[in-house]
Amino acid sequence: MSGQQEYSFFDAVVKSFDKAAKFTNWDPGLLEQIKQCNSVYRMHFPVKIGDRIEVVKAYRVQHSHHKTPCKGGIRFATSVNLDEVMALAALMTYKCAIVNVPFGGAKGGINIDPKKYTPYELEKITRRYTHELIKKNFIGPGTDVPAPDYGTGEREMSWILDTYTSMKPGEIDALGCVTGKPVTQGGVRGRREATGLGVYYGIREITHMPEVMQRLGLSEGIEGKRVIVQGMGNVGYHAAKFFRQGGAKIIALAEYEGAIANPDGLNEEEVFQHRKKTGSILNFPGAINIENSSAALEMECDILIPAALENVINHENAPRIKTKIIGEAANGPLTPEADEIFIKKGILVVPDMYLNAGGVTVSYFEWLKNLSHVRYGRMEKRFTENLNSNILAQLENLTAKKVAQKDRENIMHGPEEADLVYSGLEETMITATREIMDCWHSNKDIPDMRTAAYVVAINKVGTSYAELGIFP
Ligand code: GLU
């Protein structure tokens, strides 16, 4: 990533933390403990690629053990370095605290460009990395549970699972050593789209807050909002999909090779297929090309969703951004300098550490499923359907009227796994949004929503430490 040398992502997280800590009453020693990364594991290991040996650099950072296991994704990218992994691990702690997911934060990364390797080579690298984690007790259902992140997905998680289970035969909860697995390998339905869906639920809730929308000069609700999404990976793709389905117009989509725009709205699925076929997002029928991808961020819109990497909006381009709401689907897409500019401009920044918490929330559901060894809905689906059917029959008897077939199906429907996961996620995101907004509005000195989110997170982690009896 450009700017990586002079910019410390971890320092930016610490800066935001310190800004928020002033609004809490915790002992400075406790605040210091919350802030620091508890365990940092940097490794080098050799992998045979073709006929040469490549030394791969990788990391796993456990930011906090105030609750265990630790939790956080693993990213494969050339931008991976210690500073980045530390920052992302810290964000995981705060993220989990805000959405009441009982994990400490962690993050892992392998410094490679996954596009340069064959699937076989990637499998070798992933398995070797997992071995290194096992050797140092940095993975396990009760210690540290990885998940997908930038550059990884279900395939990598199943390699991790297979390596772990083959090294730990008979460990009854082994399936819970990693989340984001394919459904056939102990994954949970709804995990793939969870982060994008969480972003949608979070922003939707904000658009239903009349006083916030009035301040921004926007009408209430998602319907008709002009949305720009940067990044068509798993998170960006699904965010675009749910916004479109919710009635918004996706007026531009950006990827690293360029961006496309259409004021009448784009269909993310068609764009995805076009990119798959042609190798580029550009030249999509009916859309105009924007060769310089970052220019798309500066187009006028109502909601801007950066869903790729960190540091894409900074002091340089922030003054040119013309949106009302920025929803941070990526981790750390804005620098603290950009934050200051948006506070002055009155743009609402909805912070990453809660807005993109849908992924880890559903990872929590997956982990619970793995520990309970039963699929969600298995026990209650039929029971609920029978109960609803009896109620319907009684109602029809009493009123002497028949309920239409379509309504009958809706009323009778017993919950399946995906229904329960979606509603659990919706509830989580709505509750978190309200909690952060209440905190923000309860103290007029809190300058922005990010600071309010940090205040909520610090208070929750602080309370956990206090409950552990380590700090008074
Ligand atoms: N990598 C995702 C994140 O940054 C998901 C983490 C998880 O599911 O543990 O939130």
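Remarks
- Within segment 303-323, being more than 17 Å from Gly236 (Cβ to Cβ) and either free of Cβ contacts under 8 Å to residues at least 12 places away in the same chain or under 22 Å from the mean Cα position of the chain (by Cα) (or both) holds for Asn314, Glu316.
- Enumerated helices (runs of 4 or more DSSP H) restricted to segment 300-384, each holding at least 3 residues that are β-branched (Val, Ile, Thr): 358-372
- Selection of segment 147-174 for residues being within 16 Å of the ligand (Cβ to nearest atom) and either in contact with a Lys or Arg (Cβ under 8 Å, 6 or more places away or on another chain) or among the β-branched types (Val, Ile, Thr) (or both) yields Ala147, Asp149, Tyr150, Gly151, Thr152, Glu154, Met157, Ser158, Ile160, Leu161.
- Residue in segment 271-293 that is of a type in the set (A, V, I, L, M, F, W, C), crowded, with 16+ Cβ neighbours inside 10 Å and in a strand (DSSP E or B) present: yes
- Filter result (over 30 Å from Glu366 (Cα atoms) and either part of a loop (DSSP other than H, G, I, E, B) or in contact (Cβ under 8 Å) with a residue 12 or more places away in the chain (or both)) within segment 392-416: Leu392, Ala400, Lys401, Lys402, Val403, Ala404, Arg408
- Of the residues contained in segment 342-351, one or more are found to be in contact (Cβ under 8 Å) with a residue 60 or more places away in the chain and touching a Gly at 6+ places or on another chain (Cβ under 6 Å).
- Taking segment 447-472 as the range and being open to solvent by 10 Å² or more (accessible area, probe 1.4 Å), among the aliphatic types (A, V, I, L, M) and modelled with pLDDT of 95 or more as the test, only Val456 passes.
- Checked against (1) open to solvent by less than 20 Å² (accessible area, probe 1.4 Å); (2) assigned to a helix (DSSP H, G or I), Ala252 passes all but a single condition, namely (2).
- The C-beta contact set for segment 179-196 (first residue within 12 Å of the ligand (Cβ to nearest atom) and in a loop (DSSP other than H, G, I, E, B), second residue open to solvent by 20 Å² or more (accessible area, probe 1.4 Å) and not hydroxyl-bearing (Ser, Thr, Tyr), distance under 6 angstrom, 6+ apart or interchain) comprises Thr179/Trp367; Gly180/Pro148; Gly180/Arg191; Val188/Phe365; Val188/Lys369.
- Flag for Lys116 being surrounded by fewer than 17 Cβ atoms within 10 Å (Cβ to Cβ) and in contact with a strand residue (DSSP E or B) (Cβ under 8 Å, 6 or more places away or on another chain): no
- Residue, nearest to the ligand (Cβ to nearest atom), within segment 41-76, restricted to residues that are open to solvent by less than 10 Å² (accessible area, probe 1.4 Å) and assigned to a loop (DSSP other than H, G, I, E, B): Pro69
- Filter result for Ile125 (over 22 Å from the mean Cα position of the chain (by Cα), of a type outside the set (Ser, Thr, Tyr), open to solvent by less than 10 Å² (accessible area, probe 1.4 Å) and away from the ligand (no atom under 16 Å from the Cβ)): yes
- If you go through segment 100-113 and pick out every residue that is within 16 Å of the ligand (Cβ to nearest atom) and open to solvent by less than 10 Å² (accessible area, probe 1.4 Å), you end up with 9.
The values are calculated or read from the model by the stated rules, or taken from the named source; none is laboratory data. Just so we're clear, the structure is a prediction, and the values are computed from it rather than from any experiment. Please note: Cβ atoms are built from the backbone with ideal geometry, for glycine as well, and neighbour counts cover all protein chains shown. Surface accessibility is based on the protein's heavy atoms, side chains included, excluding ligands, DNA and RNA. Shrake-Rupley method; radii C 1.70, N 1.55, O 1.52, S 1.80 Å.
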